[in-house]
1. When the residues of the range 1-57 are narrowed to those that are among the β-branched types (Val, Ile, Thr) and loosely packed, with under 13 Cβ neighbours inside 10 Å, which ends up modelled with the lowest pLDDT?
2. Report yes if some residue within the range 257-269 is of a type in the set (Gly, Ala, Ser), touching a helix residue (DSSP H, G or I) at 6+ places or on another chain (Cβ under 8 Å), farther than 25 Å from GLY81 by Cα and buried (at least 21 other Cβ atoms within 10 Å of the Cβ); otherwise report no.
3. If you take the residues in the range 78-103 that are aliphatic (A, V, I, L, M) and crowded, with 24+ Cβ neighbours inside 10 Å, which one is farthest from the chain's Cα centre (by Cα)?
4. From the residues in the range 275-289 that are more than 16 Å from ASN22 (Cα to Cα) and not aromatic (Phe, Trp, Tyr), which one is surrounded by the most Cβ atoms within 10 Å (Cβ to Cβ)?
5. Closer than 23 Å to MET248 by Cβ, small (Gly, Ala, Ser) and out of contact with any Leu (no Cβ under 9 Å at 6 or more places or on another chain): does that describe GLY177?
6. Between SER96, SER152, SER78, which is within 13 Å of TYR234 (Cβ to Cβ), of a type in the set (Ser, Thr, Tyr) and modelled with pLDDT under 95?
Amino acid sequence: MSEPAPRKPLLRRILTADDNLNRLILVSVAIFAAMVALNPDSFLTLRNFVSMSYSFPELGLLALGLALCMITGGIDLSVVGIANLTSVLAALLMVSLLGPDSPPAAVVPVLALAIAVALVTGVLAGWCNGMIVSRFRIHPVLVTLGTWQVFSGIAIILTKGYAVPGFPDAFLALGNGRFLGLPVPLYLFLAAAAVVALVLNRTRFGLSLFLIGTNETAARFAGIPVRSVLVRTYMSSGFLAALAGIIMIARTNQAKADYGESYILQAVLVNLLAGVRWSGGYGRVTGVLLAVVTLQMLSSGFNMMRFNNFARDFTWGVFLILIMVANHLFTERKRRRESAAATPRPAPTPNQETPSS
């Protein structure tokens, strides 16, 4: 009896299991080394890392919602519009129902109401996206690009273009508070990431997302309710966007209808950097976590080097194009390698011996 092959160490198995994760680790190490080399005195400080941990959770939540839709072969470009609309609604409720002399007993119910309204609105906005995409078979890019403008327009009408400031300290703790030495937004982001990972890897709904993204027709023949799954996917994306909006206004102490418009480009970049397949069928929460931290390191480096907004947007665009080209080249190389491995080789012909005379 032959002995079983020895198992590889856990770290080696993880690194050899996912080429996308390997490339992302290399990119992360390279960016970290570059930032350290350019700004060692400013980058390698506790203050900088704490600042980053306050900043990236809202982008991470938007990227997670986007990842769910991309796994199905779709996309949700309206996440920033949903975040802004829900945050404006929560802000207007708090400002109108709470005054400077409001008793503490009245603060908690109002905060709970404002947060609940924001989250429910995010779910309803996602439901609208999912219904249009699944029922009318319109491409998700067109649908969510249009609803992004609709949601942003409603927020502008409600605020008349002005910022809505002045929230209770209890609410601001969601964006600026700490628990056990770590920022509260970081806990919210990690909890959301854990739930999304559990759903994708351990539930029938998560498996349905991957099957729809791989082959929607085959998923229908397999008995998966594609329309229902798509609607729930966009509702989940809307919920995560609303949670990001709550953290946004709790961190900045004001709500604006046009806040974080560059986040959509960064959220797409995070997912492509994480290896989430644009055409659907593949994506890992681990990659999204590492990619959003990597992008935050790059953003912090830009701040230290005093990049203006125009140079920063230019860099994000160039980075996005480079990532897409690199992903395409790696995918094509892998496809050719697998095709060559699957092609049967012709059997060697035996050498014919010449008969002796």
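The values are calculated or read from the model by the stated rules, or taken from the named source; none is laboratory data. On a predicted model such as this, the values are computed, not experimentally measured, just so you know. All Cβ positions, even for glycine, are placed from backbone atoms using ideal geometry, and neighbour counts span all protein chains on display.
1. Start the filter on the range 1-57 by keeping residues that are among the β-branched types (Val, Ile, Thr), which leaves 14, 16, 25, 27, 29, 31, 36, 45, 50.
Now restrict to residues that are loosely packed, with under 13 Cβ neighbours inside 10 Å: 16, 29, 45.
Values: THR16: 44, VAL29: 85, THR45: 78.
Of everything passing the filter in the range 1-57, THR16 is modelled with the lowest pLDDT.
2. Just the residues of the range 257-269 that are of a type in the set (Gly, Ala, Ser), to begin with: 257, 260, 262, 267.
Subset that is touching a helix residue (DSSP H, G or I) at 6+ places or on another chain (Cβ under 8 Å): 257, 260, 262, 267.
Now restrict to residues that are farther than 25 Å from GLY81 by Cα: none.
No: the range 257-269 contains no residue that is of a type in the set (Gly, Ala, Ser), touching a helix residue (DSSP H, G or I) at 6+ places or on another chain (Cβ under 8 Å), farther than 25 Å from GLY81 by Cα and buried (at least 21 other Cβ atoms within 10 Å of the Cβ).
3. ALA91
4. The residue in question is GLY280.
5. On the way: closer than 23 Å to MET248 by Cβ: yes; small (Gly, Ala, Ser): yes; out of contact with any Leu (no Cβ under 9 Å at 6 or more places or on another chain): yes.
Yes: the conditions hold for GLY177.
6. SER78
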